[in-house]
Amino acid sequence: MNEQITDTITQKVIDSLPKAVTDTLANNVPNPIQVELIENSDKIDWNVWFLLIAVLTLITAVIIPFAQKKYEERKSKFGFHLYVKKKLGIVWNLLTYDKLEYKQPRSAEKMDDELLTFDKLIYKFEKDFKENKNTIHPLFAFGIIFNLQNLLFTVKRIQYSLNTIDIKNLDEKTLEFGDKLSKSEHHKLNGLYLLIEHYFSITSFHDKFDSLKSIKRKEKDSKWIGLEVDKKVLKKQKWILEDLEYLRENELSIDEILKMNKLLIQELKSYFEFEKLNKKRKNN
């Protein structure tokens, strides 16, 4: 609005001037200056590049030490896990991979031999013992006695293996790598160490079956190395049934041994991530 008023006033001033004056002004107006704008598409904005380089340098200075630290932590933790798994490897194989003989009566006259891993053998024996602990058939009673002795023989082998593990040293290693282990990993290892410390004493205390008549333990240098079965044992029904009665009388001890081994298997499977490994093995 102000510009319009200004232009109107200016025009009125010009119109009031004599014609000779306006002609002189018109002739003296300079020609417009011609400016040629040239766009240089090849020109580089170095400021942007300097800024980018500075940002990348800053990121590198922060990320590389962080990544290196994480790599070293992971490497140390991996080495620690390998150390623990190496110490527990033999026990782990006994519990989950090695196949053990299991006597499975099919009738009063027929018995089959099955091969089961120790974890499966425990549950199989537990089920069969509950079903047949009061049997009067010698073959079924023999199956129960043999399977218990074989189970206890495996427990003894586990004891021997655990005795070679220095739990105190493992615990010290865990404390040494404590800052690199998660809370869950600490919990798993502490539970495992606690079980190992008490495994020998609990299973030994409840193993009251070394004096059975029908299936005896074979020893060498005071070390249990296998089982001895008399070929005529099935004809000695009195021995078999007496041994079965002794098992019934000490059923609580059998339950405690089974319970302790279930706990150990559970803790080892958790630490070794057995379900994940098993699933991966099946997918491959």
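The values are calculated or read from the model by the stated rules, or taken from the named source; none is laboratory data. Everything numeric in this text was worked out from a predicted model, so none of it was measured. As a convention, Cβ positions derive from the backbone with ideal geometry for all residues, glycine included, and neighbour counts pool all protein chains shown. Protein only, heavy atoms only, side chains kept; ligands, DNA and RNA dropped before computing areas. Shrake-Rupley method; radii C 1.70, N 1.55, O 1.52, S 1.80 Å.
Any chance the range 228-248 includes a residue that's surrounded by fewer than 15 Cβ atoms within 10 Å (Cβ to Cβ), of a type in the set (Lys, Arg) and in contact (Cβ under 8 Å) with a residue 24 or more places away in the chain?
Looking for residues that are surrounded by fewer than 15 Cβ atoms within 10 Å (Cβ to Cβ), of a type in the set (Lys, Arg) and in contact (Cβ under 8 Å) with a residue 24 or more places away in the chain, one finds at least one in the range 228-248, hence yes.
Starting from residues that are open to solvent by 100 Å² or more (accessible area, probe 1.4 Å) and among the aliphatic types (A, V, I, L, M), keep the ones in the range 43-99 and report whichever is modelled with the lowest pLDDT.
Leu58
Looking at the range 72-177, what helices (runs of 4 or more DSSP H) fall wholly within it and have at least 1 residues that are within 23 Å of Leu212 (Cα to Cα), of a type in the set (Lys, Arg) and in contact with a Leu (Cβ under 9 Å, 6 or more places away or on another chain)?
Numbers: elements: 118-132, 138-163, 167-176.
Where helices (runs of 4 or more DSSP H) fall fully within the range 72-177 and carry at least 1 residues being within 23 Å of Leu212 (Cα to Cα), of a type in the set (Lys, Arg) and in contact with a Leu (Cβ under 9 Å, 6 or more places away or on another chain), they are 118-132, 138-163.
Just to check your reading of the model, which residue among Leu162, Leu192, Leu175, Leu152 is at pLDDT below 80, among the hydrophobic types (A, V, I, L, M, F, W, C) and on the phi < 0 side of the Ramachandran plot? Reasoning before the result, please.
Numbers: Leu162 fails: at pLDDT below 80; Leu192 fails: at pLDDT below 80; Leu152 fails: at pLDDT below 80.
Being at pLDDT below 80, among the hydrophobic types (A, V, I, L, M, F, W, C) and on the phi < 0 side of the Ramachandran plot holds for just one of Leu162, Leu192, Leu175, Leu152, which is Leu175.
Can you tell me which residue is most open to solvent (accessible area, probe 1.4 Å) among those in the range 200-223 that are in contact (Cβ under 8 Å) with a residue 12 or more places away in the chain and of a type in the set (Ser, Thr, Tyr)?
Only one residue tops the list, namely Ser204.
Output the number of the condition that Asn132 fails; it satisfies all remaining conditions of (1) under 18 Å from Glu256 (Cα atoms); (2) in contact (Cβ under 8 Å) with a residue 12 or more places away in the chain.
The failed condition is (1).
Identify, please: which residue in the range 195-235 is aliphatic (A, V, I, L, M) and not in a helix (DSSP H, G or I) and is, among those, modelled with the lowest pLDDT?
Within the range 195-235, the subset aliphatic (A, V, I, L, M) is 195-196, 202, 212, 215, 225, 227, 229, 233-234.
If we keep only those that are not in a helix (DSSP H, G or I) as well, we get 212, 215, 225, 227, 229.
Numbers: Leu212: 92, Ile215: 91, Ile225: 90, Leu227: 92, Val229: 86.
Result: Val229.
In this structure, is Tyr123 open to solvent by 50 Å² or more (accessible area, probe 1.4 Å) and of a type in the set (Phe, Trp, Tyr)? Steps first, please.
On the way: open to solvent by 50 Å² or more (accessible area, probe 1.4 Å): yes; of a type in the set (Phe, Trp, Tyr): yes.
Yes.
Identify, please: which residue in the range 157-198 is of a type outside the set (A, V, I, L, M) and within 30 Å of Phe140 (Cα to Cα) and is, among those, most open to solvent (accessible area, probe 1.4 Å)? Spell out the reasoning first.
Let us first name the residues in the range 157-198 that are of a type outside the set (A, V, I, L, M), namely 157, 159-161, 163-164, 166, 168-169, 171-174, 176-180, 182-188, 190-191, 193, 197-198.
Next, from what is left, pick out any that are within 30 Å of Phe140 (Cα to Cα): 157, 159.
Numbers: Arg157: 78, Gln159: 5 Å².
So, considering only residues that are of a type outside the set (A, V, I, L, M) and within 30 Å of Phe140 (Cα to Cα), the one most open to solvent (accessible area, probe 1.4 Å) is Arg157.
Kindly provide the set of residues from the range 110-127 that are touching a residue at least 24 places away in the same chain (Cβ under 8 Å) and within 24 Å of Gln266 (Cβ to Cβ), ordered by number.
The answer is Phe118, Asp119, Leu121, Ile122, Phe125, Glu126.
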